[in-house]
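The structure appears below as structure tokens.
The values are calculated or read from the model by the stated rules, or taken from the named source; none is laboratory data. This structure is a prediction, so every number in the text was calculated from the model and none was measured. Methodologically, a virtual Cβ is constructed for each residue, glycine included, from the backbone with ideal geometry; neighbour enumeration extends over all protein chains shown. What goes into the accessible areas is simple: the full protein's heavy atoms, side chains included, and nothing from ligands, DNA or RNA. Shrake-Rupley method; radii C 1.70, N 1.55, O 1.52, S 1.80 Å.
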Amino acid sequence: RELATKLINAESADAFLREPDVAAGWETVSALKTEVERLIGSDLNAARRLSERVEEVASALGDATSKAFAEASRARVLPHIGRYAEADALYQSAMRGTRDAKLKTESALIQMHRVVTLTQMGRYDEALKVSRASRRVLSKGQPVHLAQLETHVGILFYRRDRYAKSIEHYE
């Protein structure tokens with residue numbers, strides 16, 4: 001939260017990156033993306049503003065991995081304002097960027113969030129395919145991420161009126 005506050009209050013992305021306790025790299029952009037995700041549940045406008053500033057930081061850094069995390073940050077906000085197709089395109093680009101950087105877990109987390117967007121778009125078969133790819137990686141990591149994915153898949157099956165299958169994933 002402190003990092004995000006510094007960015008929001010900074011005169012510019014360059015000024016933020018010159019702060020003595022700010023690491024100028026993709027890890028900072030990734031941490032800011034996490035803060036955008038947290039804000040989505042409580043203050044969508046703040047999440048949107050922060051994602052815009054994250055894009056500025058990624059642009060100032062100029063590397064592909066930072067850009068991927070900034071795209072994922074923006075993609076997390078867009079479905080909440082009904083811009084699903086744009087979010088999906090950003091998710092796909094962010095997944096390519098994190099995969100190219102050999103960041104398997106981060107890519108799988110982006111895939112997990114893409115499942116929600118694809119479900120909202122009614123692209124259920126594609127969402128299931130993406131969830132399977134994400135599950136392969138997330139099943140080896142933190143249980144909370146796998147639980148989040150299973151919840152998203154449960155919602156998908158609920159929307160298809162497959163309630164018993166939905167409950168399996170919720171459980």
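Residue 132 - would you say it is exposed (fewer than 15 other Cβ atoms within 10 Å of the Cβ) and closer than 19 Å to residue 92 by Cα? Answer is yes for this residue. Every condition in (1) open to solvent by 40 Å² or more (accessible area, probe 1.4 Å); (2) under 15 Å from the mean Cα position of the chain (by Cα) holds for residue 5 except the one numbered (2). Residue pairs whose Cβ atoms lie under 7 Å apart, sitting 6 or more positions apart in sequence or on different chains, and linking a residue in region 110-126 that is closer than 14 Å to residue 89 by Cβ to a partner that is open to solvent by 10 Å² or more (accessible area, probe 1.4 Å), are 110/95; 113/76; 114/130; 117/79; 117/84; 118/126; 118/130; 121/84. Regarding region 109-118, can at least one residue be identified that is basic (Lys, Arg) and surrounded by 15 or more Cβ atoms within 10 Å (Cβ to Cβ)? Within region 109-118 (the criterion being basic (Lys, Arg) and surrounded by 15 or more Cβ atoms within 10 Å (Cβ to Cβ)), the answer is yes, since at least one residue qualifies. Against the list (1) closer than 23 Å to residue 80 by Cβ; (2) not in a helix (DSSP H, G or I), the condition residue 119 fails is (2).
Cβ separations smaller than 8 Å between residues 6+ apart or across chains give the following pairs from region 134-158 residues that are on the phi < 0 side of the Ramachandran plot and assigned to a loop (DSSP other than H, G, I, E, B) to residues that are buried (at least 18 other Cβ atoms within 10 Å of the Cβ) and at pLDDT 95 or above: 139/146; 141/108.
Does region 8-26 contain at least one residue that is under 25 Å from residue 142 (Cα atoms) and within 13 Å of the chain's Cα centre (by Cα)? No, because not a single residue in region 8-26 is under 25 Å from residue 142 (Cα atoms) and within 13 Å of the chain's Cα centre (by Cα). For residue 101, indicate whether it is surrounded by 20 or more Cβ atoms within 10 Å (Cβ to Cβ) and among the hydrophobic types (A, V, I, L, M, F, W, C). Answer is no for this residue.
From the set of residues in region 11-25 that are part of a helix (DSSP H, G or I) and open to solvent by 70 Å² or more (accessible area, probe 1.4 Å), which is farthest from residue 79 (Cα to Cα)?
So the residue we want is 18.
When residues in region 32-63 are screened for being assigned to a helix (DSSP H, G or I) and either at positive phi or open to solvent by less than 60 Å² (accessible area, probe 1.4 Å) (or both), 18 of them pass.
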